[in-house]
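Here's the structure we're looking at; comments come further down.
The values are calculated or read from the model by the stated rules, or taken from the named source; none is laboratory data. Values in this document were obtained by computation on a predicted structure and should not be read as measured data. Cβ coordinates were reconstructed from backbone atoms using ideal geometry, including for glycine residues, and neighbour counts include every protein chain displayed.
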Amino acid sequence: MKNWLKTQIPTAVILLVIALVAVAYFGFGQNSIPQGVPELTIGRLLILVLIGFLAGVLGGIIGTGGCSVMLPVLHFWMGYPAPIAVGTTLFAVIFTAISGGYGHLVRKNLDKRAVAWLGGIGIIGVLVGSWLFTKLTNQSALLGFILGLLFLWPALRMIWEGIRHSGLPQKEGNKISAPATGLGIFGLVVGLATGVAGLGGGYALVPGLIYLFGAPVYITMGTSLATMIPLALVGGVIKLTGGYVDLAAGLLLAAGTVIGAQVGAAVIKRFKPTTLKLIFGIYFLYVSVKFITAFFGLKIW
């Protein structure tokens, strides 16, 4: 019980911070709403929390980052411009990564050396990627095309594992025995993608660390979340200061994901991860095709 309470401390603190910022925002800061953002009604407020919650539950069960769920829903079905959807979801992931990363730190389910190299060098990638992002904000179709290509990776991986009824290889150990150079290069690439597309990096970090570097599964999950903290923090703050974050939506999504991640971790044994991977893999493939076809002027429902 004591250990459980210890792991829930950051969740409670994060929810309190979100509540305080939300009060300040609705009281004083609504004039800073980005252009093109839909009006926040009671219905939309509830939908945003629900989307965040479902994204958090999925992440808790199969280790997929919440951005992959939140971003397309915001853009395609809630009417947020692509740059705002990218910035808002990345901002929300800051809170999710801190909550999940701390929980794994307490349980010693992460490799601090790997986090230092991945996150440290990854920040450079985020800075470069964020600069590229600003060049793409006036080219929504091209930004969408890049997002579509990036969604192909988690889609194909999840469909393959779902069809084969297999998960990630179960390797044991408490360290990631990989060269610092390799980790740094991988972190740079993930950071670059995070800065450009705002996908957080978890969708690439988990399979990359396991398949490329032979990392143990449980250590990988914690290391991935901990690495996402500096990447999401730097990228999210840059996009917030640049006016690409709908703060209200970001806070609501964050509250949902923080709670959902805890629920997902608690009910993980009641679901077949491979079945969920197949379902969401098909969904991500649909999202990928939708982004890519839009670039060529073809719109699919």
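Is it fair to say G125 is buried (at least 24 other Cβ atoms within 10 Å of the Cβ) and either among the polar types (S, T, N, Q) or not in a loop (DSSP other than H, G, I, E, B) (or both)?
yes
Test each condition in (1) over 19 Å from G56 (Cα atoms); (2) surrounded by fewer than 19 Cβ atoms within 10 Å (Cβ to Cβ) for P216 and report the one that comes out false.
All conditions pass for P216, except number (2).
Residue by residue, here is whether (1) out of contact with any helix residue (DSSP H, G or I) (no Cβ under 9 Å at 6 or more places or on another chain); (2) closer than 21 Å to S99 by Cα holds:
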{"site": "Y203", "(1), (2)": "no, yes"}
{"site": "A215", "(1), (2)": "no, no"}
{"site": "I219", "(1), (2)": "no, yes"}
{"site": "T227", "(1), (2)": "no, yes"}
{"site": "G235", "(1), (2)": "no, yes"}
{"site": "T241", "(1), (2)": "yes, no"}
{"site": "Q262", "(1), (2)": "no, yes"}
{"site": "S288", "(1), (2)": "no, no"}
{"site": "F296", "(1), (2)": "no, no"}
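Give the residues of the stretch 238-247 that are β-branched (V, I, T), outside any loop (DSSP other than H, G, I, E, B) and surrounded by 24 or more Cβ atoms within 10 Å (Cβ to Cβ), sorted by residue number.
Within the stretch 238-247, no residue meets the criteria.
Scan (1) over 27 Å from N174 (Cα atoms); (2) surrounded by fewer than 21 Cβ atoms within 10 Å (Cβ to Cβ) for the single condition G256 breaks and write down its number.
The number of the failed condition is (2).
Would the stretch 71-78 turn up any residue that is within 28 Å of L212 (Cβ to Cβ), touching a helix residue (DSSP H, G or I) at 6+ places or on another chain (Cβ under 6 Å) and modelled with pLDDT under 90?
yes
Looking only at the stretch 108-119, decide whether some residue is among the β-branched types (V, I, T), within 16 Å of the chain's Cα centre (by Cα), farther than 30 Å from F296 by Cβ and buried (at least 19 other Cβ atoms within 10 Å of the Cβ).
no
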